[in-house]
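The values are calculated or read from the model by the stated rules, or taken from the named source; none is laboratory data. Keep in mind that what you see is a predicted model, and the values were worked out from it rather than measured. All Cβ positions, even for glycine, are placed from backbone atoms using ideal geometry, and neighbour counts span all protein chains on display.
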Amino acid sequence: MSAAIRDVKVSVMGASGGIGQPLSLLLKQSPLVTELSLYDIVNTPGVAADLSHMNTPAKVKAYNGPEQLKDSLKGSQVVIIPAGVPRKPGMTRDDLFNTNASIVRDLAAAMAEVAPKALVAIISNPVNSTVPIASEVLQKAGVYDPNRVFGVTTLDIVRANTFIAESKGLDPQKVNVPVIGGHSGITIIPLISQCTPSISFPDNQLKALTERIQEAGTEVVKAKAGTGSATLSMAFAGARFGLSLIRALNGETGIIECSYVKSNVTDAKYFSTPILLGKNGIEKNLGLGKLSSFEQKLLDAAIPELKKNIQKGEDFVNKK
Ligand SMILES: NC(=O)c1ccc[n+]([C@@H]2O[C@H](COP(=O)([O-])OP(=O)(O)OC[C@H]3O[C@@H](n4cnc5c(N)ncnc54)[C@H](O)[C@@H]3O)[C@@H](O)[C@H]2O)c1
């Protein structure tokens, strides 16, 4: 890893949680982060005291409770949001809407005031709706830049890479599958036909693999049996995405990550595709590429669901 070429302050919102703690650990470990701001409504002084003993350069500061919210965001170039409740068995991501919608709305409102130029990476579910929520809040405050608001879908890519590598006996770090669409059930669309290295599967295996990728979060929720959803693999994926944003901010070129962003690639106003990252966030949306007929059907099925999720997020902010 290269050393930081400029000061980068990263704020983790929800830093005491199941994702927030290992995510903060991975960010603290990176020489690309010079200051780590930990915000939560509980326990951040303890988490910060613990992490601050690591002999890595990032300075760690704790901010606890709403009265310290704005201070936690001031001067941040990157804001990562895993705040909110996770799923329990039997729940969909949309079941989290009522609680997490207002959490993301309030964090975005604070960002609009004190960190309007930061790049924001939203992990809190349902991502399909929380990204429109944050965008609407920033828009209403007159500071919205669609190139700076990202929904984190990286875990879907990480999972797809892992499952494909396992089934083909490949090194999972050398497999790269774009996953497009959204981040829930049928809106998760792995583009296995665009995998590098190029691979193929018989139809029944392709269908089973696609469904496993779409339902991988539920696999973890079931295995954790009521104690939460993916936290460690999500922290890994969130750190990868956050560090990609920082590398691009630092001027590194050619950094590409799939992310759920404001988009005109399809009929859905927000959509995940591979994105070339730059100093101002989205440098270029790389679009869908060529889809197989199987993938085109997945896309057709996903769009109405995505539109519904987006509308729900927008209505939440715009209700009287
Ligand atoms: N995008 C993805 O791929 C993905 C994957 C897994 C989980 N998630 C989502 O991430 C979120 C967090 O999951 P978790 O397992 O870490 O949950 P968790 O309950 O362990 O942690 C959530 C943290 O958020 C904090 N919090 C609550 N309200 C807050 C507020 N107003 N401001 C700041 N912090 C607040 C809580 O105190 C807690 O520490 C959930 O919504 C979950 O569904 C997303």
Considering the range 233-263 alone, what residues qualify as being under 17 Å from residue 8 (Cα atoms) and outside any helix (DSSP H, G or I)? 250, 251, 252
Which is closer than 22 Å to residue 126 by Cβ, surrounded by fewer than 17 Cβ atoms within 10 Å (Cβ to Cβ) and either at pLDDT below 95 or away from the ligand (no atom under 16 Å from the Cβ) (or both), of 253, 266, 227? 227
Residue 29, sole failed condition from (1) more than 13 Å from the ligand (Cβ to nearest atom); (2) over 17 Å from residue 242 (Cβ atoms); (3) modelled with pLDDT of 95 or more: (2)
Can you work out which of the residues in the range 122-144 that are within 23 Å of residue 304 (Cβ to Cβ) and of a type in the set (S, T, N, Q) is farthest from the chain's Cα centre (by Cα)? 135
Selected residue [of a type in the set (Ser, Thr, Tyr) and under 20 Å from residue 104 (Cβ atoms)] from 30, 37: 37
Could you check, for the range 78-96, whether at least one of its residues is among the polar types (S, T, N, Q), buried (at least 21 other Cβ atoms within 10 Å of the Cβ) and either within 21 Å of residue 128 (Cα to Cα) or touching a residue at least 12 places away in the same chain (Cβ under 8 Å) (or both)? no
Unmet criterion (only one of (1) surrounded by 14 or more Cβ atoms within 10 Å (Cβ to Cβ); (2) among the β-branched types (Val, Ile, Thr); (3) free of Cβ contacts under 8 Å to residues at least 40 places away in the same chain) for residue 99: (1)
Could you pull out every one of the strands (runs of 3 or more DSSP E) wholly within the range 144-205 that has 3 or more residues that are out of contact with any Ser or Thr (no Cβ under 7 Å at 6 or more places or on another chain), within 13 Å of the ligand (Cβ to nearest atom) and farther than 28 Å from residue 80 by Cβ? none
Within the range 35-63, count every residue that is of a type outside the set (A, V, I, L, M, F, W, C), within 12 Å of the ligand (Cβ to nearest atom) and not in a strand (DSSP E or B). 3
Can you tell me how many residues in the range 231-250 are away from the ligand (no atom under 16 Å from the Cβ) and closer than 13 Å to residue 81 by Cα? 0
Between residues in the range 275-291 that are within 15 Å of residue 120 (Cα to Cα) and residues that are exposed (fewer than 14 other Cβ atoms within 10 Å of the Cβ), which pairs lie under 7 Å by C-beta distance while being six or more apart or on different chains? 279/251
I'm trying to understand the selection: among the residues of the range 64-97, which are in a helix (DSSP H, G or I) and either under 22 Å from residue 139 (Cβ atoms) or away from the ligand (no atom under 13 Å from the Cβ) (or both)? 69, 70, 71, 73, 97
Extreme residue, surrounded by the fewest Cβ atoms within 10 Å (Cβ to Cβ), among residues of the range 103-129 that are within 8 Å of the ligand (Cβ to nearest atom) and part of a helix (DSSP H, G or I): 106
